[in-house]
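Working notes, structure below.
Where a number appears in this text, it was derived from the coordinates with a stated rule and is not lab data. All figures in this text were calculated on a predicted structure; none of them were measured in a lab. Virtual Cβ from ideal backbone geometry, glycine too; neighbours counted across all protein chains shown.
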Amino acid sequence: MGRPGILKKPQIDVGPLRDLIYGLHDLHMSVGRPSLSKISKSSGTTTESGYLSTSTMSYVLSEPRLPDSETMQRLIALLVELAPTGRKMDLDETTRRFLDLWEKAARAEAAPPPSPRVQALRKTGNAYLHLADEYQKAERMEKTVFSKNTVANQWDYIARLIGELLGEDHPDAVEARERARIGP
């Protein structure tokens, strides 16, 4: 057990879930890092609706899992309520911000996992280097004698890789998809 108010962030890969959980940690810190006991006491008693136990809050803040939306909203309300006088926060705005993060994390959780190739690249930390190499390879292929289909397949591969690494709407993914189209 650490010092009161000091919560350890869970190890989470970069993405929407990390944004949500780390955002909750930042909110906790911005209101003065109250202990979980203090937050729990301000939530009421065990028989009252809306009560949050220290173990529930610890789970929300320390586990690399998507928390229950209702529990998260209650924790946010308690943290905003505990904000120091000089650091007043807007509950509606803060809740909306975290609900947006929660929805992104929920959608990402429901999305299919990245391909084994992308997972392997992410583990090694070489994903972006590999992507740059593939991009350079496609550009060289365009300048040499390769069939249009071969070049289009290379750009299609790059578009899928970028989509899995950076998102389907990333400008580089859009460009790679456009370059993958074979002209008449």
ask   = For the range 141-158, how many residues meet the condition of being aliphatic (A, V, I, L, M), over 16 Å from P116 (Cα atoms) and surrounded by 10 or more Cβ atoms within 10 Å (Cβ to Cβ)?
value = 3
inquiry  = Can you say whether L24 is within 25 Å of R96 (Cβ to Cβ), in contact (Cβ under 8 Å) with a residue 60 or more places away in the chain and hydrophobic (A, V, I, L, M, F, W, C), as far as the supplied structure shows?
reply    = yes
